[in-house]
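Have a look at the structure below before the remarks.
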Amino acid sequence: MPSDLDPGSAQQVGESASGVSTSGRRLLERARRGSRSAIDTLFTRYRSWLRRRSRGRLPRWARDGIDTSDIVHDTLHQTFARLESFESKHARALQGYLLRAVENRINDQLRRARRRLNVIMPDASAPLSDSATPQHQQLVDDEARKRYAAGLERLTDRDRRLIVGRAELGYSYRQIALMERLSSEAGARKALARALRRLVDVMSNAC
């Protein structure tokens, strides 16, 4: 992965991405005034650079239907939709802002995925020793996700709804109680605990 803002990277992505040339500043100024061609040029250049910087940052188990290209694309769309309000006139500042925004989105996705695994399998995301490689960690996480998905398939529809609602969709116990017509949040909590025990049992039996 190229180092941030090193001369080689800047040469590859052009003056717009490096933000050090006069033409790069002019391009940003035109884009802020609404020039479609300038916006398209900046969008394409930053997209290529951000994709290179974020490649491999989101493991398969954490993607949940999206990848880093999706995150880069969404971040660019959201930023360029309000580009006229961006205070700095320097392309370098915009580049740094975009990189931080993409990194924050990736970290948010990782946190959601870890919470999901921790609810289902508290030990699945336990840190490995310092000698463990990222590839090894990803294999462990991928295997845990496969076991979880296979275990869900062996549960009743109600147990699946309870687990997916809480772990993947982030429903509160109140929402779960309403969804499953349970009398209280405590009842929803108990029903989920029973569903999780059954999930653990079927996953253990499958090992």
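The values are calculated or read from the model by the stated rules, or taken from the named source; none is laboratory data. These numbers come from a predicted model, not from an experiment. We place every Cβ from the backbone using ideal geometry, glycine too, and count neighbours over all the protein chains shown.
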Scanning segment 40-76 for residues that are over 21 Å from Ala113 (Cβ atoms), in contact (Cβ under 8 Å) with a residue 40 or more places away in the chain and surrounded by fewer than 17 Cβ atoms within 10 Å (Cβ to Cβ) gives Arg52
Checklist entry - Being of a type in the set (A, V, I, L, M, F, W, C) and without any contact (Cβ under 8 Å) to a residue 24 or more places away in the chain, is that true of even one residue in segment 77-96? => result yes
Going through segment 108-126 in order, the residues found to be over 15 Å from Asp74 (Cα atoms), at pLDDT 60 or above and of a type outside the set (Gly, Ala, Ser) are Leu110, Arg111, Arg112, Arg114, Arg115, Arg116, Leu117, Asn118
Inside segment 127-174, the number of residues satisfying the requirement of being outside any helix (DSSP H, G or I), surrounded by 11 or more Cβ atoms within 10 Å (Cβ to Cβ) and at pLDDT 50 or above is 6
